[in-house]
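Student: To start, I am sharing the structure in question, which I have written as structure tokens.
The values are calculated or read from the model by the stated rules, or taken from the named source; none is laboratory data. Note that the coordinates shown come from a computational prediction; the quantities given were computed from them, not determined experimentally. When we count neighbours, we look across all protein chains shown, and the Cβ atoms used for this are built from the backbone with ideal geometry, even at glycine. For the accessible areas, the whole protein counts, side chains as well, though only heavy atoms, and no ligand, DNA or RNA atoms are used. Shrake-Rupley method; radii C 1.70, N 1.55, O 1.52, S 1.80 Å.
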Amino acid sequence: MTSAPESPAAPVTAAAEMVDEVAADVANEVAADVACDAGTAPGTQDGVGYCAHPSHPGVQRSAQALRSLLTRVNRIEGQIRGIGRMIEDDRYCVDILTQVAAVQSALDALGLKLLEHHLHGCVAHAIASGDGTHAIDEALAVIRKFGR
């Protein structure tokens, strides 16, 4: 039994969905960090921007860094929506693929910014406080994810 041929847009749609999931995960993490830093998330203390959950051990981002990250995420979300519209409009595959590549590049740049903060802030703080081994192992695991 042979299956029906795959639609030409199926790989692009799958890629767009995967990028959309990653963008949503990043947006949720940044939003959680914003809530932590604003003192409005569970785990904050006396309205101080400190969140006690393990993924954010208390090294704060500056307000400017938060705005920059959120701007990047919003731009990526807009690009994803644009790709969806291009697919709906049955636009030329190369144009869509070019936009997918742009989104992947934007996500990579966002990831590097987050990783930079994590290494210079969170990992450095953990090393100084004596929990460097765990922080380094966690950082290496994240870096390996980027290498895939």
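Student: Considering only the range 125-137, state which residues are at pLDDT 90 or above and open to solvent by less than 80 Å² (accessible area, probe 1.4 Å).
Tutor: Ile136
Student: Further question: If you scan the range 94-112, which residues turn out to be open to solvent by 30 Å² or more (accessible area, probe 1.4 Å) and over 30 Å from Ala65 (Cβ atoms)?
Tutor: Val94, Asp95, Leu97
Student: I would also like to ask the following. Might you check whether a residue that is more than 20 Å from the chain's Cα centre (by Cα) and under 25 Å from Arg148 (Cβ atoms) occurs anywhere in the range 117-126?
Tutor: Within the range 117-126, one or more residues are more than 20 Å from the chain's Cα centre (by Cα) and under 25 Å from Arg148 (Cβ atoms).
Student: Considering only the range 37-55, I want to know if a residue exists there that is closer than 18 Å to Leu110 by Cβ, of a type outside the set (D, E, K, R) and at pLDDT below 90.
Tutor: Yes, the range 37-55 contains at least one residue that is closer than 18 Å to Leu110 by Cβ, of a type outside the set (D, E, K, R) and at pLDDT below 90.
Student: Only one of (1) of a type in the set (Gly, Ala, Ser); (2) over 22 Å from Leu66 (Cβ atoms); (3) in a helix (DSSP H, G or I) fails for Gly130. Which number is that?
Tutor: It fails just one condition, (3).
Student: Checking the conditions here, which among Arg81, Arg91 is assigned to a helix (DSSP H, G or I) and open to solvent by 60 Å² or more (accessible area, probe 1.4 Å)?
Tutor: Arg81
Student: Tell me which residues, restricted to the range 62-78, are open to solvent by 50 Å² or more (accessible area, probe 1.4 Å) and more than 21 Å from Ala101 (Cβ to Cβ).
Tutor: Selection gives Ser62, Ala63, Gln64, Arg67, Ser68, Leu70.
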